[in-house]
Amino acid sequence: MPEKKDGLFDIGEIRQILELMKEFNVSHFNLSQSGQRLSLRRAGFAEPPVVSAPSVVAGPVQPAVANVVAPSPEASEKEPDYIKTVKSPMVGVFYASSSPEGEPFVKIDDVVKPKTIVCIIEAMKVFNEIPAEVAGKIVEILVENGSPVEYGTPLFKIDAR
């Protein structure tokens, strides 16, 4: 995190944050530290549209027409309750092992416990170990080694039966 120097954040670390925002296509970044607030917003991102309430006009009432959309195949194929998904707790880069030559932390069919480390996510040159947080068997690895991930990106599926 940017450190304060004479009441300001360190410009070198702000540049690192901006580079990470660009690399991972992040549009906004906010940080509050010791009473100081840093808010970064990258140019080129469209602001979300503002939706205003329609004005009320007296007149004849028209029946509402509903737009019917067929459910997507993914929506109809809901995961069973015993399949748990390990999601990324942060933005960063996913690593399946502790070194490029090392064995992956877990493979498909490995049995894990809640505190078993399943991967590392690098964020701002800090390597964060990610635990399974559930006991079970790894049934699917959803991210490739070295891939960027966002907060909430599904990483693994675990059969917790």
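Taking the criterion of being in contact with an Asp or Glu (Cβ under 9 Å, 6 or more places away or on another chain) and not charged (D, E, K, R), the residues of the range 119-153 that qualify are CYS119, ILE120, ILE121, MET124, ASN128, GLY136, ILE138, VAL139, PRO148. A residue that is surrounded by 15 or more Cβ atoms within 10 Å (Cβ to Cβ), at positive phi and not charged (D, E, K, R) cannot be found anywhere in the range 147-159.
We did not get these values from a lab; they are worked out from the coordinates using the rules stated. Just so you know, these numbers come straight off a predicted model, no measurement behind them. No Cβ is skipped: glycine too gets one built from the backbone with ideal geometry, and neighbour counts run over all protein chains shown.
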